[in-house]
Amino acid sequence: MNKDSFMKRSLTLIALILIHFTLLAQNSVKINGTEKGLSYPDVEILIDEPQSFIPGARTEVILYALPNGTLIEWTVGKKVQPGDDWHLDVHHIAAQTAFLRAQDPKCNYITIYLKTKQKAWNNWHKQHLDIAKETYDRLFADVVELYKDYNPSLTISSHSGGGYLIFNYFRIANRINPAIKRLVFLDSVYGYTT
């Protein structure tokens, strides 16, 4: 096989893989958070659930704090068409969730996208100092309650300015919710102070 033939086959395989996971991502259920009872001041929530849950299976809930200036639609991502906003082709968190589900089909993976009206978790926190602690506590407790039949583990994941959600929660919490098992910082540690 010559170099050109190898490259064409490789690119075709990569394209097929991307199309496969984009289609898998479209087969999940996207729910506005308020429909599930998750409603907090100036916070927009989108939940990506599997179409069906596996009773008794491990359940991982990934709360994804969006980067500053980003929309949920951009973060979810999609197969971009001519004329679409380029931001839709950056994060592809829905495709990554679909990939997790395909690789680990014995686990219920749920992604919850968290965006503030201010499009920045640090600005949300500053504007809501009086209710921030209560809001963080309620958010995590409500998610555990929502999926209590599946004994969920929570991962708080953040990108860029989304890290402020994690740092601010840890700064003001009297007690960390015991369902929180993992923290993920994707280039989002500049909100850290000692």
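Using alpha-carbon positions, what is the distance between the centroids of the stretch 129-163 and the stretch 36-92, in Å? Taking the Cα centre of each part, the stretch 129-163 and the stretch 36-92 sit 15 Å apart.
Between the helical axis of 132-146 and the dominant principal axis of the chain, each derived from Cα atoms, what acute angle in degrees is found, rounded to the nearest 10? Taking Cα atoms only, the helix is inclined about 60 degrees. Estimated from helices alone, the mean residue ellipticity of the chain at 222 nm is -11500 deg cm²/dmol (sum of -39500 (n - 2.57) over DSSP H runs with n ≥ 4, per residue). Against the chain, whose longest principal axis comes from its Cα atoms, helix 163-172 is set at around 20 degrees. Here, the stretch 36-78 is characterised by an Rg to Rh ratio of 1.01, where Rg is the alpha-carbon radius of gyration and Rh the Kirkwood radius.
Of the solvent-accessible surface of the chain, computed with a 1.4 Å probe over protein heavy atoms with every protein chain present, carbon and sulfur atoms account for 56 percent. When the alpha carbon gyration tensor of the stretch 26-111 is reduced to an equivalent ellipsoid, its three semi-axes come out at 23, 18, 11 angstrom, largest first. Its Cα gyration tensor gives the chain an equivalent ellipsoid; the semi-axes, largest first and in whole Å, are 32, 20, 15. Annotation: amide H of residue 43 within the under-5 Å range of 117, sequence separation 5 or more or interchain, hydrogens built in the peptide plane. Output the 0 to 90 degree angle, nearest 10, between the alpha-carbon long axis of helix 3-26 and the longest principal axis computed from the alpha carbons of the chain. In the chain, helix 3-26 runs at an angle near 40 degrees to the longest axis. The Cα atoms of the stretch 99-194 cover 40, 27, 27 Å along the three principal axes, with the biggest extent listed first. For the chain, the dipole from Cβ point charges (+1 on Lys and Arg, -1 on Asp and Glu) about the Cα centre works out to 440 debye, to the nearest 20.
Sequentially through the stretch 59-75, phi angles give Karplus couplings (6.51, -1.76, 1.60; θ = phi - 60°) of 10, 10, 9, 9, 8, 9, 7, 5, x, 4, x, 9, 9, 4, 4, 5, 5 Hz, Gly and Pro residues having no value and appearing as x.
The values are calculated or read from the model by the stated rules, or taken from the named source; none is laboratory data. Remember, predicted model here, so these are calculated numbers, not experimental data. Methodologically, a virtual Cβ is constructed for each residue, glycine included, from the backbone with ideal geometry; neighbour enumeration extends over all protein chains shown. Just so you know, the surface numbers come from the protein's heavy atoms only, side chains and all, with ligands and any DNA or RNA stripped out. Shrake-Rupley method; radii C 1.70, N 1.55, O 1.52, S 1.80 Å.
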